[in-house]
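The values are calculated or read from the model by the stated rules, or taken from the named source; none is laboratory data. Since we're looking at a predicted model, the values are computed, not measured. No Cβ is skipped: glycine too gets one built from the backbone with ideal geometry, and neighbour counts run over all protein chains shown.
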Amino acid sequence: MNTPLLGLRTVVYMVPDLAAAKTWYNEVFGIEPYFDEVFYVGYNIGGYELGLHPAEAVAATGNHGGTAYWGVENVQEVYDRLLAAGATTAEEPTEVGGGIVIASVYDPWHNPVGIIYNPHFSLPQA
C-alpha cells in the first residue's frame, strides 16, 4: 500500500501555563525553543519537534492530552482522505507560519490524529 504518511514529526502537549511549561522544558532539555509565540512553542529535539500549546485554546475540542503529528507532503489532500474515511474535523488545514501547515482530525474512536507539512524538517542522520 502506498501511504501518504512520511513518519512521525511532532508531538504537541497541551499546557495550562505556557510560560511555566516553557521554563520547565528549557531547563529539563537544556535548550531554547526554535519557535516561540504566545500560541505555540516549538523545540527541535534531535530532529523531531516537541510543541507546547496553551490548553485553553483547545479546551472546547475535548482533546486535553497531546496530539502526534504525522508528516505529509500535502496536508489538504491527506486531510480530505481522512475525512472521506470517516474521521471528523478537529482543526482544518492552517498555515501557522514559516510555510508550516497543520491539520488534525478525530478518528472514529475520537483519538486525535495530526498531520503536518514542515519544510524545515529533516530527519537526523542515523
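Summary table
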quantity	calculated
Residue satisfying condition, being touching a strand residue (DSSP E or B) at 6+ places or on another chain (Cβ under 8 Å) and at pLDDT 85 or above, within set Leu5, Leu50	Leu50
Condition broken by Glu32, with the remaining ones in (1) in a strand (DSSP E or B); (2) at pLDDT 90 or above satisfied	(1)
Test set (1) of a type in the set (S, T, N, Q); (2) modelled with pLDDT of 90 or more; (3) farther than 19 Å from Pro4 by Cα - Gln125 fails condition number	(2)
Residues within the stretch 53-76 that are surrounded by 15 or more Cβ atoms within 10 Å (Cβ to Cβ) and at pLDDT 85 or above, tallied	9
Residues located in the stretch 99-126, provided they are loosely packed, with under 12 Cβ neighbours inside 10 Å and of a type in the set (Gly, Ala, Ser)	Gly99, Ser122, Ala126
Index of the failed condition, Trp24 passing every other in (1) at pLDDT 90 or above; (2) over 15 Å from Ile100 (Cα atoms)	(1)
Checking Glu92 against (1) without any contact (Cβ under 8 Å) to a residue 12 or more places away in the chain; (2) more than 19 Å from Val11 (Cβ to Cβ); (3) in a strand (DSSP E or B), the condition it does not meet	(1)
Positions within the stretch 1-16 being surrounded by 12 or more Cβ atoms within 10 Å (Cβ to Cβ) and without any contact (Cβ under 8 Å) to a residue 60 or more places away in the chain, in sequence order	Val11, Tyr13, Met14, Val15
